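To start, the structure itself, in C-alpha cells.
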Amino acid sequence: MKIICIGRNYAAHAAELGNEMQKEPVIFMKPDSAVFRQRDAFYIPDWTNDVHYELEVVIRINRLGKNIETKFASKYFQEFTVGIDFTARDIQSQLKEKGLPWEKAKGFDQSAVLGDFLLVSEYNLNNLNFQLTKNGKVVQAGNTSMMLHDIPHIIEHCSQYFTLKIGDLIFTGTPEGVGPVKSGDILEGSIEGKKVLRVKIK
Ligand code: ZN
C-alpha cells in the first residue's frame, strides 16, 4: 500500500506558505509505516520542534488502475474520509531550501492520520465541507470546490506515473489554516458536521 499526497492544491494555503502555484499537481509520498491509528496518541518526534497539522480529504483506491481518464476516475474509489498530513515544518523548510526531497518531514511514523471512512455515494465530493478543530476551536475549514485540481484530475495525473492499487490512499491537499501542535492538544476532524477523526497530541 502506498500513500500519495498532493501539495499546494488550495490557493490560499499555497499563499500562506509563500509557494508558487503549479499547473500540475505537486506530488509526494508517505510510506505505509506512516499510517497512524486514530485511537492512539500522536507523539511529537524529538527531532522536530514544529509539527503542523494539515487536514485533507483522503480517498481509498478500490481497483487496480493505470492511465485512468478523468471520466472513469469515480470507478476507482468508493470510500473517503479526512486525514491529517502531519508535517515537520522546520525540517521541511530546511530541505526545501537545499532543494532536497521532503520525505523526512512528511513520511515519518504516525504522520498519516486517517478518520473513519464514509461512502462516496452518500456525499457530494465536488462540494464537501470539512473542518478541523484544535482544542474545540475551528482552525481549518475547507470545501473541496476550492481545490485547484479536483479528484478526477488527481487520479488521472497520478495514475500516469504510478499504478494505483487496491488500498492505496490519496491525500488531496490542505486548505489554509495549517499550524503547529503541542503536547496536550486535541485535534478533531469532521465532514459535513460529522466527526470522523480525533487525535490527542503527546
Ligand atoms: Zn498536505
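None of the figures in this text is laboratory data; all of them are computed from the coordinates on show. Everything quoted here is computed from the prediction, not taken from an experiment. A quick note on method: Cβ atoms are made from the backbone with ideal geometry, for glycine too, and the neighbour counts reach across all protein chains shown.
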The correct pair for segment 144-202, radius of gyration to one decimal and Dmax as a whole number, both in Å and from Cα atoms, is 15.2, 42
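When the gyration tensor of segment 36-141 is built from Cα positions, what are the square roots of 5 times its three eigenvalues, in whole Å, from largest to smallest?
Taking √(5λ) for each eigenvalue gives 28, 19, 13 Å, largest first.
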For segment 103-191 the trypsin sites (Lys or Arg not before Pro) that pass both the DSSP coil test and the at-most-15 other-Cβ-within-10 Å test are LYS165, LYS182
In segment 49-150, the GluC sites (Glu not before Pro) that sit in a DSSP loop and have at most 16 other Cβ atoms within 10 Å of their own Cβ are GLU69
Taking every C-alpha to C-alpha distance in segment 98-202 and binning by 5 Å from 0, the per-bin percentages run 2, 9, 17, 21, 22, 16, 9, 3, 0
Given backbone amide H placed at 1.01 Å from N, residues whose amide H is under 5 Å from that of ASP168, ignoring those fewer than 5 places away on the same chain, are LYS2, ILE61
Here the FRET efficiency for THR70 versus ALA141, based on Cβ atoms and R0 = 22 Å and rounded to 0.05, is 0.25
For the chain the mean separation of alpha carbon contacts under 8 Å (6+ apart) over residue count, i.e. relative contact order in percent, is 35
Taking every other residue with Cβ under 9 Å from the Cβ of ASP168 and scoring Lys and Arg +1, Asp and Glu -1, one gets +3
Rounded to whole angstroms and listed largest first, the alpha-carbon spread of the chain along its three principal axes comes to 43, 40, 30
As straight-line cross-link partners of LYS182, the qualifying aspartates and glutamates (C-alpha separation under 13 Å, not fewer than 8 residues apart within one chain) are ASP46, ASP50
